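Report on one structure; see the data block that follows.
The values are calculated or read from the model by the stated rules, or taken from the named source; none is laboratory data. Quantities reported herein were computed from a predicted structural model and do not represent experimental measurements. Positions of Cβ are generated from backbone atoms using ideal geometry, with glycine treated the same way; all protein chains shown enter the neighbour counts. Quick note on the areas: whole protein, heavy atoms, side chains included, nothing else; ligands and nucleic acids left out. Shrake-Rupley method; radii C 1.70, N 1.55, O 1.52, S 1.80 Å.
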Amino acid sequence: MKKSFAAIAICFIFSAVLFAQVSPEQEEKAYLILEKSSSLLAYHGDYSATIGLVIEKPNKPKESLKYKIFERTEKKAMTIVQLYPEADKGVGYLKQEENLWMYDPISRKFSHTSIKEALGDSDIKLDDVNQSERNWRKTYEVKNVEEGVLGKITVDIITLEAKTTEPSYPKVTYYFRQDIPLVLKQEDFAGSGRLMRTTLLPKYTKIPNGYVPVQIIVRDELNKGENTQQVISDLSFDKLPDNIFTKAYLEGLN
């Protein structure tokens, strides 16, 4: 009987440690890493880029998509135009603050959509390409902070839980380099704790404005063998005309 009580006591102690809250010091460390990482990225102010997507699915030929993206991060304004394939050319998205519309060039109509919407048949969501600055402290609660190794690189591993419905996934784990706090890996989880997606960012380039992840690989963990590779090119940080962030701009392209 004593052994049984001892075992139960140990189990409770273990559970308490396992589900212990993050200390204020760890929480602050995590937020500072998240904010520093965001500040190191080049996406501040106006920018434009070409996004190429290569979609791989088991027993299917590779599919290629191409988009042009324009963004004004401080205004939370974004316009995306599909360039390829030809059949979908002119499909567009317009984001103004919290509002997001999809434009169909065939019907010439706009419909409300969500930042959680995928680009074409890819594993890339609009939320993934949106670079507007996030308020990490308002949007996420820090659930765990630890150190680890990814390959041969020492990393800070931060697990967050969404406080709002804005993020695409309610739980996410980031792996940050310790020498330069850039994300090397991201894991997205459902509310049940099931791993939904894994994102790898193996290649960054340094430009005067900051760092840019020029290669991103998103792996669908529910459909094994399915992944999307994203390549960014034609980056420009020139001031963009105001009319790009209007419905009239998308309508005028066709």
Quick one: in the stretch 117-162, which of the residues that are among the hydroxyl-bearing types (Ser, Thr, Tyr) and in contact with a Pro (Cβ under 8 Å, 6 or more places away or on another chain) is farthest from Ile33 (Cα to Cα)? Thr139
Search result, residues across the stretch 38-63 that are open to solvent by 60 Å² or more (accessible area, probe 1.4 Å), more than 22 Å from Gly90 (Cα to Cα) and over 17 Å from the mean Cα position of the chain (by Cα): Glu56, Pro58, Asn59, Lys60, Pro61
Pairs, please: C-beta under 8 Å, at least 6 apart or cross-chain, first residue free of Cβ contacts under 8 Å to residues at least 60 places away in the same chain and in the stretch 88-107, second among the polar types (S, T, N, Q) and not in a strand (DSSP E or B)? Tyr93/Thr113; Lys95/Asn130; Leu100/Thr113; Leu100/Ser114; Met102/Thr113
Is it true that some residue in the stretch 64-74 is surrounded by 14 or more Cβ atoms within 10 Å (Cβ to Cβ), free of Cβ contacts under 8 Å to residues at least 24 places away in the same chain and of a type in the set (Ser, Thr, Tyr)? no
Given (1) open to solvent by 20 Å² or more (accessible area, probe 1.4 Å); (2) over 26 Å from Ile153 (Cα atoms), Pro208 misses just (2)
When the residues of the stretch 174-206 are filtered to those that are of a type in the set (D, E, K, R) and outside any strand (DSSP E or B), which remaining residue is modelled with the highest pLDDT? Arg194
Among strands (runs of 3 or more DSSP E) entirely within the stretch 25-139, at least 2 residues that are closer than 22 Å to Glu221 by Cα occur in 46-56, 63-72
Confirm whether Lys171 is under 13 Å from the mean Cα position of the chain (by Cα), modelled with pLDDT of 95 or more and open to solvent by 60 Å² or more (accessible area, probe 1.4 Å). yes
Top-ranked residue of the stretch 15-24 - restricted to ones that are part of a loop (DSSP other than H, G, I, E, B) and out of contact with any strand residue (DSSP E or B) (no Cβ under 8 Å at 6 or more places or on another chain), ranked as modelled with the highest pLDDT: Ser23
Residues located in the stretch 220-245, provided they are open to solvent by 50 Å² or more (accessible area, probe 1.4 Å), in a loop (DSSP other than H, G, I, E, B) and under 17 Å from Ser48 (Cβ atoms): Phe237, Asp238, Lys239, Pro241
